[in-house]
Protein chains: 2
Amino acid sequence: MTQPDVGRIDGLTYPTGTAYMAGQYLPMSEARISVLDWGLLHSDVTYDTVHVWNGKFFRLDLHIARFRRSLERLRLSVKYSDDELRHILVECVRRAGLRNAYVEMLCTRGLSPTFSRDPRDAANQFVAFAVPYGSVANARQLKEGLHLHLIDTVRRIPPESVDPQVKNYHWLDLVTAQFQGFDAGAETVVIKDMNGNVAEGPGFNIFAVRHGALYTPEHGVLHGITRRTVFDIAEQFGIAVHSGNVSEDQLRHADEIFITSTAGGIMPVTRLNGVSVGNGAPGDLTQTIFRTYWEWHDDPAWTLTVDYDEAKHAQ
Amino acid sequence: MTQPDVGRIDGLTYPTGTAYMAGQYLPMSEARISVLDWGLLHSDVTYDTVHVWNGKFFRLDLHIARFRRSLERLRLSVKYSDDELRHILVECVRRAGLRNAYVEMLCTRGLSPTFSRDPRDAANQFVAFAVPYGSVANARQLKEGLHLHLIDTVRRIPPESVDPQVKNYHWLDLVTAQFQGFDAGAETVVIKDMNGNVAEGPGFNIFAVRHGALYTPEHGVLHGITRRTVFDIAEQFGIAVHSGNVSEDQLRHADEIFITSTAGGIMPVTRLNGVSVGNGAPGDLTQTIFRTYWEWHDDPAWTLTVDYDEAKHAQ
C-alpha cells in the first residue's frame, strides 16, 4: 500500500506522503518536530484524522469542527481559518498524489524558548499530513472479520482524568492492552472503562448487534465520526441504536460485532476472546452498514473532491 | 538561565544544549523526531530525567535503573549498555558545556515504514539531551515558597490505566489543572487521585509536615528519585516518614509543605489555595532537608563528575 523512501540519512524508512508545517509542504521523511516540543514531552497536543477515498474527503467539516472544539478545550491556538485548514489538507493530498489517503491535522503546545515549564510560554505548532490510506483491519480481516480480545487487566483512562471528546494521544493503556492481546493470539483488542463496562479499542469504537438493534458505549469513549455515521445509517434503515453502558455479557452474547474508525471504516469482528461471534462470519447487518458507509463516500453531500490536476499554489 | 539560539529556519527560538539521536550529537535546534513517530502520535514513549549540579550528575545510576524498568514494562528496546548510556549523557553535558544541566533520556516506539498500526512494526528510537538546568520553582519561589492550588476538578490518570512507575508523558490531566490553577492565581498545582486523596503535581511529588513527621502519597504517583532522596535524608535525621494516603485535610492542616522534583530539588510551598501554610514562610524541617539535599550533591558517593576538558570521542 505504501512505497517507502529508502535510505534517508537517519537510516529509517518512511511512508510516502506530504506534510505541512511551519508554512512548508514537505515529504514525510522531512517532517520533524523538536524533541523539546511539549507535544512529545507531555503529550500536550490534540489532533483529528479524516480520510480520502477515491479522491474525496469524507465528512471533512465534521472533523474540522471537532478539531476546533479540542483546540479550544486545551487552550491551543491554530492561526488558520476553516477555509485555510481545508486548503492545507487538500493540498497535502494533492501533492502526495494519493487517491486513498489517511489525513491528520494536529496542534502541539510547542516548545518554550527557555524550556520553561509554563505551558503559556510555548508557541503552539500546527502540523498536517497525508499518507497512504491505512486501516485497523487488513484486506483479509475486512472480509473474514477480526479476532478481537476484550482485555480485563487495563482500564481506559477515565473522563475524570482526560476528556475523551478532546481527541488525544494518551494511548499507553491501549498499547499495553494491544501487546497483551497479541500474546493471546488476538488481532486487536478492546478495553473496559473504570466501571467495568466495555469502552473502546486502539483508535476505534465498538458496536454489538443483538436482535437487530445496535449497542455501543456512550461514556468515557471518543464519539467517533464513523460511529456517528453508523448512527446516521441506522436512522435511514430504521435500525434502533442504544448508546449507553455495554457490558462484557452483552458483547459475549452479541449476534454480530463490528468496530468503527476513520482508519478502516466499518470492520467486522468474528471472534471474541477465541469464541466465534454469531455464525463466525461477518453478519448481515454489519454488511449492510459496511456497504452503505462506502456508498456514501460517492455522495457529494458528504464529500469534498480533491482536484489533483490543478496546482493552486506554487511551493 | 538559557541563551537561546535566535533565527533558526523554522523561526523558533531554542534553548542551548546538546542532544544525541541516531548516533549523532546535535544542537537542540536540530534535534527533531518524525511527526509519524508513535512517541508523538500515541505518547508511546518512556523517559527519565537526571540533573547535573556544579558539574556532577546526582544519583545517575538510580535514574538509569528506573529507565530500564520502564523500557522493559513497555517492551521498548535501547541498544546501549548502562556504560554506553552514561557515556552519552555525560557527553551531551560536556559538549553543551553546562555546569548545571537538566538531562533527559527517552525512548519512543518509533515509526513503522508503512504507518502500520501494529506497534511491533516500529523501530524504537532513543534520544538524549542536556539543556540548562530548569526548575519547577524560580529563585524567588525557592526562597519564599510556592503558591500552590489543590485542584479538585481533574483526577490523576489512575494506575489501572497507566502504571505511574513507568515514567510517562500522559500529562493532559496535569496541564488542564495547571491552567485552572493559573486562572485562580496559583503558581503551580497538585491534583487528587480517583479516590479523592492527594496525588501529585506536574512533574513533582508532594510532602506534608505535621508535628515533625513527613506524609507523602504512595499510590498512583511516580516514586520520584528526589522523593526517595528525601526518605534517605529523613532516615539520617531520624525523621518519621509516612508514605500512604494523604487527604486534602492533612494537606490543609500541615505545618509545612514542600514539593520534590529532579527539576528543582526540594521546593517549599507557603500558600495552599490562597491560605498561608504554617507561618507563611518555608519551614525549618523543609529548610533542613533542602540544605542536606544540596550538600549531598558534593558527595562523591552520590555523584558522577563530568570531565569537561577531556574530549573522549571525536564527533
Q. Any residue at all in the range B:83-92 that is within 11 Å of chain A (Cβ to nearest Cβ) and either buried (at least 22 other Cβ atoms within 10 Å of the Cβ) or hydrophobic (A, V, I, L, M, F, W, C) (or both)?
A. no
Q) Among the residues of the range B:291-307, is there at least one that is in a loop (DSSP other than H, G, I, E, B) and surrounded by fewer than 17 Cβ atoms within 10 Å (Cβ to Cβ)? A) yes
Q.
Anything in the range B:149-167 that is assigned to a strand (DSSP E or B), surrounded by 21 or more Cβ atoms within 10 Å (Cβ to Cβ) and out of contact with any strand residue (DSSP E or B) (no Cβ under 8 Å at 6 or more places or on another chain)? List them, or say none.
A. none
Q: Starting from the range A:19-37, take each residue that is closer than 23 Å to residue A:112 by Cβ and at the interface with chain B (Cβ under 7 Å from one of its Cβ atoms) and list its partners that are of a type in the set (Gly, Ala, Ser) and in a strand (DSSP E or B), counting only C-beta distances under 6 angstrom and pairs at least six apart or across chains.
A: A:31/A:19; A:32/B:34
Q: For residue A:146, work out the one condition from (1) surrounded by fewer than 21 Cβ atoms within 10 Å (Cβ to Cβ); (2) outside the structural domain of residue A:37 (by the TED database) it doesn't fulfil.
A: (1)
Q) Counting only residues that are of a type in the set (D, E, K, R) and crowded, with 21+ Cβ neighbours inside 10 Å, which one in the range B:188-215 is farthest from residue B:140 (Cα to Cα)? A) B:193
Q.
Can you go through B:36, B:60, B:74 and tell me which one is crowded, with 19+ Cβ neighbours inside 10 Å, out of contact with any helix residue (DSSP H, G or I) (no Cβ under 6 Å at 6 or more places or on another chain), farther than 30 Å from residue A:262 by Cβ and of a type outside the set (Lys, Arg)?
A. B:60
Q | Breaking point among (1) facing chain A (nearest Cβ under 8 Å); (2) within 25 Å of residue B:70 (Cβ to Cβ); (3) of a type outside the set (Gly, Ala, Ser); (4) touching a residue at least 60 places away in the same chain (Cβ under 8 Å), for residue B:173 | A | (4)
(Q) Looking at the range B:276-285 only, could you name the residues that are surrounded by 24 or more Cβ atoms within 10 Å (Cβ to Cβ) and over 16 Å from residue B:190 (Cβ atoms)? (A) B:282
Q: Please give the number of the condition residue A:114 fails out of (1) part of a loop (DSSP other than H, G, I, E, B); (2) over 29 Å from residue A:58 (Cα atoms); (3) more than 8 Å from chain B (Cβ to nearest Cβ); (4) free of Cβ contacts under 8 Å to residues at least 60 places away in the same chain.
A: (3)
Q: Considering only the range A:117-147, state which residues are over 20 Å from residue A:265 (Cβ atoms) and without any contact (Cβ under 8 Å) to a residue 40 or more places away in the chain.
A: A:117, A:118, A:120, A:121, A:123
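The values are calculated or read from the model by the stated rules, or taken from the named source; none is laboratory data. Here the structure is a predicted model, which is why all the values come from computation and not from measurement. Here the Cβ is made from the backbone with ideal geometry for all residues, glycine too, and neighbour counts use every protein chain on show.
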